[in-house]
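What follows is a set of notes on a single structure, which appears directly below.
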Amino acid sequence: MGKPAAQKQKLKPLEMDELIAKAWRFVRERFRSYQAERKSHGRKRDTARRDASRQRHDIETRVRQQLTREYATGRFRGDKEALKREVERRVQERMLLSRETTTRGWPLPPITFLL
């Protein structure tokens, strides 16, 4: 086995309390990023739930309005082609999330036979 990283870089090893503090900082940061990701996904699902009854054209119109606001405030940067790709990506994402059966475990609709 090779030398530890601290010896390779000619650094002195960290004290135990510094190691513990560094580990907890990492855990806190991972927790916060995970919670932010879950919150963002929840917001997307909420808007998708409201989009369930809308047609694709209506969703596309709403996405274009949203992107126009983001472009005006400077939150979205890019040219016309990037804007088109982003509209298509967001519309597709919202269409998929707006379906009722996006999660596993949902019961299938009853099968009826016409006799």
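The values are calculated or read from the model by the stated rules, or taken from the named source; none is laboratory data. In this text, all values refer to a predicted model and were calculated from it rather than measured experimentally. Here the Cβ is made from the backbone with ideal geometry for all residues, glycine too, and neighbour counts use every protein chain on show.
Numerical summary
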{"quantity": "Selection from the stretch 1-19 of residues that are surrounded by 10 or more Cβ atoms within 10 Å (Cβ to Cβ) and either modelled with pLDDT of 95 or more or outside any helix (DSSP H, G or I) (or both)", "calculated": "Pro4, Leu11, Pro13, Leu14"}
{"quantity": "Per-region count, the stretch 38-62, residues closer than 15 Å to Glu93 by Cβ and assigned to a helix (DSSP H, G or I)", "calculated": "16"}
